[in-house]
1. Binning every alpha carbon pair distance of the range 54-160 at 10 Å from zero, what are the percents per bin?
2. Under unit Cβ charges (Lys, Arg +1; Asp, Glu -1), what dipole magnitude, rounded to 20 debye, does the range 30-188 have relative to its Cα centre?
3. Below 8 Å between Cα atoms, with a sequence gap of 6+, how large is the relative contact order for the chain in percent?
4. Trypsin sites (Lys or Arg not before Pro), restricted to the range 5-108: which are DSSP loop and have at most 13 other Cβ atoms within 10 Å?
5. Using only helices, what value at 222 nm comes out for the chain when you add -39,500 (n - 2.57) per DSSP H run of length 4 or more and divide by the total residues, to the nearest 500 deg cm²/dmol?
6. Using a probe of 1.4 angstrom, how much of the accessible area of the range 85-188 is carbon and sulfur, in percent?
7. Ordering H60, H104 from largest to smallest accessible area (1.4 angstrom probe), what's the sequence?
8. Quick check: from the Cα gyration tensor, does the range 20-65 come out rounded (a/c under 1.5), prolate or oblate?
Amino acid sequence: MECSFAGFAPIASHLRLQLCERWVRVHSLPESQRYANTPDEYRELLSRQNTLATALFGEHGAVTLVIGAFRWMDERRTRPVTAFADAPVLEFVRTVDPRELVAHADPADDAWIDLYTATVQWNAGAFDELLRSVADDRERLVMFVSADGTRAFGPYDGGVDVFLESTLVRDAWKVRYATWLSRTESGL
């Protein structure tokens, strides 16, 4: 798969600005609590995230796992070390110049992002270690993209940015998962 989503780098924080009409943010815990502190909260977080990803990709659906690694311009590229046991072999696909994300970025001073991908099968529970690592802010720049590139799931510490194929589908998701969404006008 080409490592892009609608022509943009598959980095959720960037995509939500570029594809806002197809984006919805879902919080992992009730009342927009950012971090899980108890086993029950981790169960809720993983339940919500697995429910969303399964609704997006289907059980056993083929997806592209994208993991980004920050580096400075003069550093050597190094394959990201992932925090989960059954991590697939990730292949380097491209480097994102910081100016792709922020027009006024200085490539000498701002981090570059090397993107690595692997084709995996989405199965509820199979990525719990990775999702928990992202939720605890130990892993960043993780995204799952549907095989046809129309849907994406970008977990972060606090929830998931979901990108859907159309505004109509996004609006239906907002109704379906209304109790899991932010109450702020921005949707954050």
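The values are calculated or read from the model by the stated rules, or taken from the named source; none is laboratory data. A quick note: this is a predicted structure, and the numbers were derived from the prediction, not measured. Here Cβ is always computed from backbone atoms with ideal geometry, including for glycine, and neighbour counts include all displayed protein chains. All accessible areas refer to the heavy atoms of the entire protein, side chains included, with ligands and DNA or RNA removed. Shrake-Rupley method; radii C 1.70, N 1.55, O 1.52, S 1.80 Å.
1. Percent of Cα pairs in each bin: 14, 43, 33, 9, 0.
2. Roughly 260 debye for the range 30-188.
3. This gives 34 percent for the chain.
4. R34, R76, R77
5. -7500 deg cm²/dmol
6. Its accessible area is 51 percent carbon and sulfur atoms.
7. So the residues, ranked largest to smallest area, are H104, H60.
8. oblate
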